[in-house]
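K.L.:
Below: one structure in structure tokens.
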Amino acid sequence: MVHMGDQTNVKLRLSNSELWGGLIGLGLGGFVIWQGLRLKLGTINDPGSGYVLFYTGILMCVFAASIIVSAVAEGGPTLASRWENVRWGKPLLVIACLVAFSFALEPLGFLLSSIPLLLLMLRLIDPVRWTLAIPIAVLVPSGMWWVLKRLLLIQLPSGLFGIG
């Protein structure tokens, strides 16, 4: 015979967002293990292409299992409470900026697309004063360009002006 308190306890556990996150993580970890096995493990002295994937999947499963145990033992916030008072404006703005960046990267090149992106992010997402935003927006992509292009010898899109 099931008591009303038992039904409430089961219902609360099923709406536990950490439990669901752990279960999803466990599923993803299992998938990563499976893919690692499909790619062949090899040995520690001669690792195959699935070696790192396999052990990464095991770690994912261990971490997910610890989240599940914690969620069952201690409870956690409900799925609905995670979405209360969510403000979608800034995350959607970041996504829009990154989509625009991806379209601008090839035709404009790395520097001419990343400098405006960073300036937009610094001014719109978490506003930084102009005297700080402009130097950061110019120096950070320029520094990254130098490291990637000159030190690591990675070819970056140069764009229509041939700079970067």
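The values are calculated or read from the model by the stated rules, or taken from the named source; none is laboratory data. Small disclaimer: the values here were computed from a predicted structure and weren't measured. Neighbour counts run over all protein chains shown; Cβ positions are idealised from the backbone, glycine included.
K.L.:
Are any residues in the range 40-55 touching a helix residue (DSSP H, G or I) at 6+ places or on another chain (Cβ under 8 Å) and either of a type in the set (D, E, K, R) or surrounded by 15 or more Cβ atoms within 10 Å (Cβ to Cβ) (or both), and if so, which ones?
P.N.:
Once the filter is applied, which keeps residues that are touching a helix residue (DSSP H, G or I) at 6+ places or on another chain (Cβ under 8 Å) and either of a type in the set (D, E, K, R) or surrounded by 15 or more Cβ atoms within 10 Å (Cβ to Cβ) (or both), the range 40-55 yields Leu41, Gly50, Tyr51, Leu53, Phe54, Tyr55.
K.L.:
Please verify whether Leu59 is outside any strand (DSSP E or B), of a type in the set (A, V, I, L, M) and not assigned by TED's automatic domain parsing to the domain that holds Trp34, treating the condition exactly as stated.
P.N.:
In short, no.
K.L.:
Are any of the residues in the range 70-84 within 30 Å of Gly36 (Cβ to Cβ) and of a type in the set (Val, Ile, Thr)?
P.N.:
Yes: one or more hits.
K.L.:
Given the conditions (1) under 30 Å from Trp146 (Cβ atoms); (2) assigned to a helix (DSSP H, G or I); (3) out of contact with any helix residue (DSSP H, G or I) (no Cβ under 6 Å at 6 or more places or on another chain), and given that Leu117 satisfies all but one, which numbered condition is not satisfied?
P.N.:
Unmet condition: (3).
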